[in-house]
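Everything below concerns the one structure shown next.
Derivation of every value follows stated rules applied to the coordinates shown; laboratory data play no part. Please read all numbers here as calculations on a predicted model, not as lab measurements. As a convention, Cβ positions derive from the backbone with ideal geometry for all residues, glycine included, and neighbour counts pool all protein chains shown.
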Amino acid sequence: MRNFDETTITEAVLARVANAADPRVRAVSEALVRHLHAFVREIEPSFSEWEAAIGFLTGTGALCDDKRQEFILLSDTLGVSMLVDAINHRLPDGATETTVLGPFFVAAAPELPLGADMSPGVEGDPLYVTGSVTDPEGRPITGAIVDTWHSDDDGYYDVQKPAEEEGHFAMRGRFRTDAQGRFHFRTIKPAAYPIPHDGPVGKMLEAQGRHPWRPAHVHFMISAPGYETLVTHIFEEGDRYLDSDAVFGVKDSLIRAWPRHEAGQAPDASTSAVPFHTLTYDFGLKRLD
Ligand SMILES: [Fe+2]
């Protein structure tokens, strides 16, 4: 076949991918071609616009390394991450709702004993976090891994710090639930922050008339044998960005008050010389099918 034009090119490409041995590869390829061609027909790009699009994707890839993931940001800010998450988490009652993983998870975060301070030496208001992990019937899960991470009170994660601080894990840690399925740890209160917007995704948001901010939150990834790993955040009630999160990640069930307490006895029975905040959340895991 040859002499393809606007009316024949789509069918020609679909015919070419129809021989894929893997039926999933075939289905995904066909959908990609159909939707991509329809997109191009709708916007009728000029050559300069098409070159700009290639440049945008090239720049997005060029910014990705083991510390910066511009493609996740692109997926997040276009609502694709939350759509994929929603499709994969049609949860039963008793399971905590999920939200985006985000680009700042570090798989090698240290395991710490219950009650540990996971942000020693980091400036900020103390935050005491307590909670539990249960099955869909509300029974405690012992030995669940609670992996948690968040920004500092300027809105930056440890992996965004200067190179001389590389290797220093701060504001992240892994804890194991006790015999009652409970966990607790100490950290500092994170702030709302703008997603990294000095790259192609930032330029896209600006062109679209959007801000890059996310409401203050603490990330959690909770796993236990026999259960689906839970990836979620807990947001601070009252944050100004709850209704305009740049990555569409907020759900009502994930918002909690982080009340402020005057200096005095803290939840871990120690005495805090300065005012502190508390955050409590009880997580429910979904059983694996
Ligand atoms: Fe985050």
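Counted residue by residue at 0.36 nm each, then reduced by the alpha carbon distance between them, the extension gain from residue 7 to residue 25 reaches 4.0 nm. For region 135-287, a crude dipole built from +1 on the beta carbon of Lys and Arg and -1 on the beta carbon of Asp and Glu, taken about the Cα centre, is about 360 debye to the nearest 20. Listed values for region 243-256 are Karplus-derived 3J(HN,Hα) couplings in whole Hz (6.51 cos²θ - 1.76 cosθ + 1.60, θ = phi - 60°), namely 9, 9, 3, 4, 10, 6, x, 7, 10, 3, 5, 9, 9, 9, and x replaces Gly and Pro.
Computed from backbone phi, the HN-Hα couplings of region 139-156 come to 8, x, 10, 7, x, 5, 8, 9, 9, 9, 7, 7, 8, 7, 7, 9, x, 10 Hz, rounded to whole numbers (Karplus: 6.51 cos²θ - 1.76 cosθ + 1.60, θ = phi - 60°; Gly and Pro given as x). Amide H of residue 272: which non-local residues (sequence gap of 5 or more, or other chain) have their own amide H closer than 5 Å, using H built in the peptide plane? Here 264, 265, 266 satisfy the definition. Each label point was placed 7 Å from the Cα along the Cα-to-Cβ direction; for residue 91 and residue 53 their separation is 3.6 nm. The peptide list 191-203, 20-32, 253-265, put in order of mean Cβ contacts within 10 Å with the highest first, becomes 191-203, 253-265, 20-32.
Coupling constants for region 128-138 follow from the phi torsions by the Karplus curve (6.51 cos²θ - 1.76 cosθ + 1.60, θ = phi - 60°), and in residue order they are 9, 10, 10, x, 9, 10, 10, 7, x, 8, x Hz; glycine and proline get x.
Can you list the lysines whose alpha carbon sits under 30 Å from that of residue 67, skipping same-chain ones fewer than 8 residues off? Of all the lysines, those that pass the test against residue 67 - Cα under 30 Å, at least 8 places apart if same chain - are 161, 189, 203, 251. For residue 284, nonlocal amide neighbours, meaning residues 5 or more places apart or on other chains whose placed amide H falls under 5 Å from its own, are 96, 134.
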